[in-house]
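Take a look at this one; I'll ask things after.
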Amino acid sequence: MSLLEVHGVSRFFGGLAAVDDVSFEVNKGQIVGLIGPNGAGKTTLFNVVNGFYPPSRGEIRFRGENISGLKPHQVCKRGMARTFQVVKPLQRMSVHDNVIASAFLRAKDRRQAEEIATDTLKFTGLFDDRDMISKGLPLGKRKRLEIARALATQPEMLLLDESFAGLNSSELDESIGIIRKIKERGITIMIIEHHMKVIMSISDRIVVLNYGEKIAEGTPQEIRNNAGVVEAYLGEAQIA
């Protein structure tokens, strides 16, 4: 069953097509990877999907509803949350209060928001850091806080933009574990990532962009063996 449908979506900036006639679907419960070279249009596509930019052409459907042109807060209210490549927590607030702020999207009162935040911090391994001011967190934990803030909105679908960038090997393993636990909760995920070992290990399907166009879609094995993808992005070292 398709949760997200992207139909012929293009986004132009002046005369430049940052995303050009891209179509794909994300089924409920899947992890779908979005990969491609720098400048391929991945984050722009995320920005169109979650309402930061309206599509210049095409249509975005979420849970069967046309959400093209809705604002990000309206898209989030419908059950789609996202993280950002450059993490921007509320720096002068504690980790706990950062997550509480997101929880108020659905919480009826402060007590319920605190309950959602506490559960989310435990789930993401940040509970022991709950009283720390967020700007003092190391990068790995700031990345996790970004995920926690998105999860606190209680989404049905989560868009993750390079949540593994800059992490060391142990942080990578921790983050992979969290992503798999999120999937186990029934939350659908679309993820932009340059760590190919990560994306190949967690994705059910992968969509590949190059110069704003979709050049391939398939299982990790199909993408690994796709000559066009290898030439455009993966390189020979990724075939092994």
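Any read-out appearing in this document is the output of simple, stated calculations on the displayed coordinates, not a laboratory observation. Predicted model only: the values in this text are computed from it and were never measured. In this analysis, Cβ positions are derived from the backbone assuming ideal geometry, glycine residues included, and neighbour counts consider all displayed protein chains.
With a Förster radius of 41 Å, plug the Cβ-Cβ distance of E114 and K197 into 1/(1 + (r/R0)^6) and report the FRET value to the nearest 0.05.
Rounded to the nearest 0.05, the efficiency is 0.65.
Could I ask something else about it? Taking 29 Å as the cut-off for C-alpha to C-alpha distance, list the pairs among K77/K197; K135/K214; K108/K181 that go past it. Let's see the in-between values first.
Numbers: K77/K197 33 Å; K135/K214 37 Å; K108/K181 26 Å.
From K77/K197; K135/K214; K108/K181, over 29 Å: K77/K197; K135/K214.
Mind giving me the FRET efficiency for E213 and L16? R0 is 22 Å, r the Cβ-Cβ distance, nearest 0.05 is fine.
Given R0 = 22 Å and the Cβ-Cβ separation, E is 0.95.
At 0.36 nm per residue, and after removing the present C-alpha to C-alpha distance, how many nm does the segment from E5 to F104 gain when stretched out fully?
Result for the pair: 32.9 nm of gain on full extension.
I would also like to ask the following. Cα-based Rg (one decimal) and Dmax (whole number) for the stretch 31-75, in Å?
11.1, 31
Nearest-5 percent of antiparallel DSSP beta bridges in the chain?
55 percent
Same structure, new question: So what is the 222 nm mean residue ellipticity for the chain from helices alone, if each DSSP H run of at least 4 adds -39500 (n - 2.57) and you divide by all residues, rounding to the nearest 500 deg cm²/dmol?
-9500 deg cm²/dmol
Another question, then. Taking all pairs of different Cα atoms in the stretch 80-154, averaging 1/r and flipping that mean, what Kirkwood radius in angstroms comes out?
Taking the inverse mean of 1/r over all distinct Cα pairs, the stretch 80-154 comes out at 11.8 Å.
Name the most mobile residue of A148, A227, A113, meaning the one with the largest mean-square fluctuation, in a Gaussian network model of the chain with Cα contacts below 10 Å.
In this elastic network of the chain, the residue with the biggest mean-square fluctuation among A148, A227, A113 is A227.
A follow-up question, please. Mind telling me which of R11, R180, R149 comes out most flexible in a GNM of the chain, alpha-carbon contacts under 10 Å?
R180
Turning to a different aspect of this structure: May I have the pair-distance distribution P(r) for the stretch 1-62, computed from all Cα-Cα distances with 5 Å bins from 0 and rounded to whole percent?
4, 18, 29, 27, 15, 5, 1, 0
Which value, in debye to the nearest 20, gives the size of the charge dipole of the chain about its Cα centre, when Lys and Arg are +1 and Asp and Glu are -1 at the Cβ?
Dipole about the Cα centre, nearest 20: 800 debye.
Let me ask something else. Using the Cα centre as the reference, give the magnitude of the dipole from point charges on the C-beta atoms of the stretch 80-154 (Lys, Arg: +1; Asp, Glu: -1; all else neutral), rounded to the nearest 20 debye.
That gives the stretch 80-154 a dipole magnitude of about 300 debye.
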